[in-house]
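In what follows, a single structure is set out as structure tokens and then discussed.
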Amino acid sequence: MKKNKIIATAPMTVAQKIIAAHLVEGDSAKDSELGIRIDQTLTQDATGTMAYLQFESMGKKHVMNDLAVSYVDHNTVQIGFENADDHDFLASIAKKYGIIYSKAGNGICHQLHLERFGKPGTTLLGSDSHTPTGGGIGQIAIGAGGIDIAVAMAGGAFHIPAPKICGIRLKGCLRQGVSAKDVILKVLEKFGTKGNVGWIFEYFGPGVATLDVPSRATIANMGAELGVTTSVFPSDETTRQFLAAQGRAKDWTEIVADKGAKYDNIFEVDLSELEPLAAAPHSPGNIVTVKSLAGMKVNQIMIGSCTNSSYRDIRTVARILNGKHVADDVEVGIACGSRQVIKMLVEDGSLAILHAAGCRMLENACGFCIGAHMSPSTNAVSLRTNNRNFEGRSGTKSAKVYLVSPETAAASALNGVVTVCEKAEKVPAPAKFPIVDDMFLYRETAGKGVPKTKIVRGPNIAKVPAGVAMKDSFKAKVAIKVGDKITTDHIMPAGARLKFRSNVPEYSKYVFEPCDRNFHDNCLANVKCGFANVIVAGESYGQGSSREHAALCPMYLGVKAVVAKSIERIHRANLINFGIVPFVFANPADYDKLEPGFEFTFEGMRKAIEGDGEIEVDGIKLKTSLSGREKEIILKGGLLAWLS
């Protein structure tokens, strides 16, 4: 795939430079869809099996992009054969097609990729919504559905609307007890979790130099909660030192915004004025000060996840707990991001400190963040350093989860109540990281593969369901009506249900389980009676995970359209990829007119999609804005059908 020649006619931001260097379709100067070349891909086990099943169907002998890595970090400890079978499938697929495989226990994909593979100036596409973590080293890293990753591994472009760039200007320096988590929570306080689709957030200004790479990665990671396409930092001397310490100095490239570069919007954050913040239940955008919560009883504290599991984070916790013990009535669990982090904690004595303080050391995995283990007790208050606190995501619907920094978590662990951290010495950036690569397999065959490898397929590995071409006219029923901020966890439950991720017929039994346990049966009954199914939703439908099953399983159940007040970026793309039309109300007040069971007929659907995307159904005007490529995909019944 050839890239366009860059002709710089004006000063450029970091994001603009990287996109221009990878542009293969479209014009970034116009409000159009862009196709960009993808250098690197990553998957994790909760989304990877479907991505690789789709890649298999494309008939390629090996991956075509520069680097592909398959991480096992989500479902590593649950009971049953399904997860272990999936891991065997992922390992064999990786060996055959030239993909590096990261074994369970090696660590969390975003932390590992930052340490060992991420490169400034490159593009990374991952089947996980927190892939933008790579923005911490000056990489355009974007989360997407598994089928988009499959296309990228096959050498295809990834498509995004021409983005607007919001510059977040940082100045000053963080005080003790305040850290990167508080920075991104401040940004979330300003911009919220909806209304940011189509934007890239780029950090610049004198305050950037005061933040180490792990801190930048934390901020970029939680940009996913804003709903932006991605977040990015410049690649500067701090970046160079980090990569050199990882033994990867050759991977460094300086990428900074040109003097005079223009941003579409600017928000300034004075780091020296920030105070500890928290995201209160049940949204990452529900920001309050830690001071306002001080003294509130805490039952559980979980430290880690892809947001805050670096050596810098866990070493900070150890320093705060050194020589002390956590409160008797508080459960404290810590999940490090990688084996490299564990090795460093062992060598500097931090692991012994955490053990003596009464902390439970958990596997290097996503675990508690996705509700796979460590669910709180009934009505418990849980402080967590991860990135999402959606209702029930922890595995306990009645629990109240607050998102905080490692500093706040550690100080609160000692007292058993929410506590403002007054003192936390800065952890210096290591001059050299120990290289712990023994659980990365098939590095020597990366990009080439071993063609004769036999793919291991357990009984839970099912075929990818085929989409059906869009009909011009059909009867439909509203299968469910939901409210605002419905997440992909509402649509496709995580936790214990994730073990069915490779088996769409089985996983589809749990679609909308937290909202309506009868959804699956109602959809099948509607289809049997000749009706297509429609989902009606409020604002910001499809927040959260890139889990494409939230579109794939509804497609399997006969869903042909989603009608919402607004739809989030990744989920909208996934709906299109599986032939579901992402409609929005022309008049949001019409949301009140549709209820479950409402029957109507779509007339002239194909003409509407081919045209301006507007259609009227029983007096209700709906609209969808689609690129020419997206129109073709929906009409064909999905991306796989369009590619064949």
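Nothing in this text is a laboratory measurement; each read-out follows from the coordinates by a stated rule. These figures come from a predicted structure and were not determined experimentally. Because the Cβ atoms are built from the backbone with ideal geometry, glycine has one as well, and the counts that use them run over all protein chains shown.
For this structure, a couple of remarks:
- Distance from the C-alpha centroid of the stretch 311-351 to that of the stretch 36-54: 32 Å, rounded to the whole angstrom.
- Calculated from backbone phi, Karplus (6.51, -1.76, 1.60) coupling profile of the stretch 31-42 in Hz, x at Gly/Pro: 7, 9, 7, 10, x, 10, 6, 10, 7, 10, 10, 9
- Each label was represented as a point 7 Å from its Cα along the Cα-to-Cβ direction; for Ala294 and Glu56 these points are 5.8 nm apart.
- Estimated dipole of the stretch 456-570 in Debye, rounded to 20 [Cβ of Lys and Arg +1, of Asp and Glu -1, Cα centre]: 280 debye
- For the chain, with +1 on Lys and Arg beta carbons and -1 on Asp and Glu, the positive-most of Gly195, Pro596, Val511 along the dipole: Val511
- Amide H contacts of Glu33 (H built 1.01 Å from N, under 5 Å, at least 5 apart or other chain): Ala162
- Distant-in-sequence amide H partners of Thr123 (H built 1.01 Å from N, under 5 Å): Asp39, Gln40
- Reach of Lys485 by Cα under 14 Å, taken over aspartates and glutamates that are not fewer than 8 positions away in the same chain: Glu225, Glu391, Glu539, Glu568
- Antiparallel beta bridges, as assigned by DSSP with both residues in the stretch 474-643, represent about 40 percent of the total such bridges.
- Taking amide H as placed 1.01 Å from N in the peptide plane, Val401 has its amide H under 5 Å from the amide H of Ser382, each at least 5 places away in sequence or on another chain.
- Lys, Arg +1 and Asp, Glu -1 on Cβ, resulting dipole of the chain about Cα centre, debye, nearest 20: 1000 debye
- Debye intensity ratio I(q)/I(0), log10, the stretch 104-144, q values 0.19, 0.21, 0.34 Å⁻¹ (C-alpha model): -0.46, -0.55, -1.21
- Counting DSSP beta bridges with both ends in the chain, the antiparallel % (nearest 5): 30 percent
- R0 of 41 Å, Cβ-Cβ distance Glu273-Asp484: FRET efficiency to nearest 0.05: 0.80
- Dipole magnitude of the stretch 116-178, debye to nearest 20 (Cβ charges: Lys/Arg +1, Asp/Glu -1, about Cα centre): 440 debye
- Between Ala352 and Lys593, residue separation times 0.36 nm minus the direct Cα-Cα distance comes to 80.7 nm.
- Taking the Cα atoms of the stretch 551-612, the ratio Rg/Rh between the radius of gyration and the Kirkwood radius comes to 0.95.
- Stretching the chain fully between Ala429 and Glu632 yields a gain of 68.1 nm (0.36 nm per residue, less the alpha carbon separation).
- Which of Ala15, Ala104, Asn83, positive extreme of dipole for the stretch 1-106 (C-beta unit charges): Ala15
- 3J(HN,Hα) couplings calculated from phi for the stretch 601-608 with the Karplus curve 6.51 cos²θ - 1.76 cosθ + 1.60 (θ = phi - 60°) are, in sequence order, 10, 8, 10, x, 5, 4, 4, 5 Hz; Gly and Pro show x.
- In terms of other Cβ atoms within 10 Å, Lys565, Lys463 run from fewest to most in the order Lys463, Lys565.
- With contacts taken as Cα pairs under 8 Å at a separation of at least 6 residues, the stretch 277-415 carries a relative contact order of 35 percent.
- As a proxy for reagent exposure, Phe191, Phe201 were ordered by neighbouring Cβ count within 10 angstrom, fewest first; the result is Phe191, Phe201.
- Cross-link pairs beyond the 30 Å C-alpha cut-off, checked among Lys190/Lys499; Lys119/Lys448; Lys96/Lys181; Lys565/Lys631: Lys190/Lys499; Lys96/Lys181
- As a ratio to 2.2 N^0.38 Å, the alpha-carbon radius of gyration computed for the stretch 444-566 takes the value 1.22.
- Rel. contact order, % - alpha carbon contacts under 8 angstrom, at least six apart, the chain: 15 percent
- Order of Arg501, Arg629, Arg116 under a 10 Å beta carbon neighbour criterion, fewest first: Arg629, Arg116, Arg501
- Here the translational diffusion coefficient of the stretch 171-221 follows from Stokes-Einstein with Rh set to the Kirkwood radius across Cα pairs; for 20 °C and 1.002 mPa s it amounts to 180 µm²/s.
- Value of relative contact order over the stretch 474-643, rounded to a whole percent, pairs C-alpha under 8 Å and six or more apart: 24 percent
- Top positive-direction residue, dipole computed over the stretch 277-415 with Cβ charges, set Met374, Gly285, Ser310: Gly285
- Spin-label model distance (nm) - Ala249 vs Ala29, 7 Å beyond Cα toward Cβ: 4.1 nm
- Pair-distance profile P(r), taking every C-alpha pair of the stretch 474-643, with 10 angstrom steps and integer %: 11, 43, 38, 8, 0
- Inter-label distance, nm, simple model (7 Å from Cα along the C-beta direction), Leu643/Asp618: 3.7 nm
- If R0 equals 45 Å, the separation of the Cβ atoms of Asn322 and Lys509 corresponds to a calculated FRET efficiency of about 0.40.
- Each residue of the stretch 277-415 gets 87 Å³ once the volume of the Cα convex hull is shared out per residue.
- Stretched out straight at 0.36 nm per residue, the stretch from Ala525 to Glu603 would grow longer than its current Cα-Cα span by 25.9 nm.
- The phi torsions of the stretch 566-581, fed into the Karplus equation with coefficients 6.51, -1.76 and 1.60 and a -60° offset, translate into couplings of 7, 10, 6, 4, 5, 5, 4, 4, 5, 4, 4, 4, 10, x, 9, 7 Hz, rounded to whole numbers, with Gly and Pro shown as x.
- Zone of Val450's modelled label, taken as backbone nitrogen in the stretch 88-132 under 18 Å from a point 7 Å along Cα→Cβ: 88-104
- Rg/Rg_globular for the chain, with Rg_globular taken as 2.2 N^0.38 Å and Rg from C-alpha atoms: 0.91
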